Amino acid sequence: MSTLINRVFQMDGLYVERSLRQLPLKKLCEHSFKDYHVRGVNYLCLERSCNITTKVYLLDPVEHGKGYVANPHNHRYHFKTTVLNGSLKNLVFEERQAQEDHSDLYWKYAYFHHTHQFERLNKVLLHLNHIDHCEVGESYDLSPNEIHTIQVSEKEPTVLFLQQYPDVVPESYPGEFYCRESSPPNVDGLYQRYSEEEVRDLREKILQLICK
């Protein structure tokens, strides 16, 4: 790791640690979610404004260490993700015209953010363009037009620090979501709020991992 990258990583880690220690539990609860998009994907929101949103995620190796953490999808915004503990692979795809009986065929869905509803569109081919391999202290950046998913370590918990920049795609405009199945995933019970006790427990787990 270069000196500059190491310095940025140290600053990111200090920012996360300071925020977790100093922010009141009520403030941490305000914009944080558990089971976000996928069961067991939990994050604490450290800062939210029109210019920047920062989050810290904890991903369990047993629950998320095999296969994709989420279905391939795009975003409304640019963002940067830094690994604070564990490791990940960021897989970036390119959508191509469907070819019958190809192994990489997916159903494409429009995903409506406000209602968490899906509209099935058509079958497409997702071609894997590249993979970013990120260990502790390393980051990847993603643009809104890029389709991606991640894989995380099977051996230890993964802690991710996400810096989310302003939306460049209106929230009213549906996102793109890709699924092997002809029916979208069941999102009932997802997008739950934390109690202050749950936030306290998650905060302590994250601090133990990043302050070793």
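The values are calculated or read from the model by the stated rules, or taken from the named source; none is laboratory data. Values in this document were obtained by computation on a predicted structure and should not be read as measured data. Counting neighbours? That spans all protein chains shown, and the Cβs are built from the backbone with ideal geometry, glycine included.
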Worksheet item: Given the conditions (1) more than 15 Å from Ile147 (Cβ to Cβ); (2) over 16 Å from the mean Cα position of the chain (by Cα), which single one is not true for Asp104?
Response: (1)
Worksheet item: Taking the range 140-173 on its own, how many of its residues are closer than 15 Å to Glu95 by Cβ and of a type outside the set (Asp, Glu)?
Response: 6
Discussion item. Need pairs with beta-carbon distance below 7 Å; first residue closer than 14 Å to Glu197 by Cα and within the range 12-34, second among the polar types (S, T, N, Q); sequence gap 6+ or separate chains.
Written reply: Phe33/Gln192; Lys34/Asn42; Lys34/Gln192
Practice prompt. Might you check whether a residue that is small (Gly, Ala, Ser) and over 25 Å from Glu156 (Cβ atoms) occurs anywhere in the range 60-77?
Written response: no
Item to complete: Filter the range 113-123 for residues that are at pLDDT below 95 and within 23 Å of Ile150 (Cβ to Cβ) and give the result.
Response: His113, His116
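Residue-wise test of (1) under 21 Å from Val38 (Cα atoms); (2) out of contact with any helix residue (DSSP H, G or I) (no Cβ under 8 Å at 6 or more places or on another chain).
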site	(1), (2)
Gly86	yes, no
Phe93	yes, yes
Arg120	yes, yes
His133	no, yes
Glu138	no, no
Ile147	yes, yes
Pro157	yes, no
Val168	no, yes
Discussion item. Considering only the range 137-151, I want to know if a residue exists there that is surrounded by fewer than 16 Cβ atoms within 10 Å (Cβ to Cβ), of a type in the set (Gly, Ala, Ser) and in contact (Cβ under 8 Å) with a residue 60 or more places away in the chain.
Written reply: yes
Practice prompt. Within the range 162-205, track down each residue that is aliphatic (A, V, I, L, M), surrounded by 13 or more Cβ atoms within 10 Å (Cβ to Cβ) and either under 22 Å from Ser49 (Cβ atoms) or touching a Phe, Trp or Tyr at 6+ places or on another chain (Cβ under 8 Å) (or both).
Written response: Leu162, Val169, Leu190, Val199, Leu202
Worksheet, complete the sentence: In the range 46-68, anything in contact with an Asp or Glu (Cβ under 7 Å, 6 or more places away or on another chain) and at pLDDT 95 or above is listed as Thr53, Thr54
Discussion item. Of a type in the set (Gly, Ala, Ser), touching a Leu at 6+ places or on another chain (Cβ under 7 Å) and within 29 Å of Val168 (Cα to Cα): which single residue out of Ser49, Ser19 fits that description?
Written reply: Ser19
Discussion item. I'd like the full set of residues that are in contact (Cβ under 8 Å) with a residue 24 or more places away in the chain and in a helix (DSSP H, G or I), limited to the range 162-212.
Written reply: Glu196, Glu198, Val199, Arg200, Leu202, Arg203, Lys205, Ile206, Leu207, Leu209, Ile210
Response to the item:
Among the residues of the range 118-139, the number that are within 21 Å of the chain's Cα centre (by Cα) and among the hydrophobic types (A, V, I, L, M, F, W, C) is 6
Discussion item. Looking at (1) without any contact (Cβ under 8 Å) to a residue 60 or more places away in the chain; (2) at negative phi; (3) surrounded by fewer than 17 Cβ atoms within 10 Å (Cβ to Cβ); (4) under 20 Å from the mean Cα position of the chain (by Cα), which one does Pro61 not meet, given that it meets all the others?
Written reply: (1)
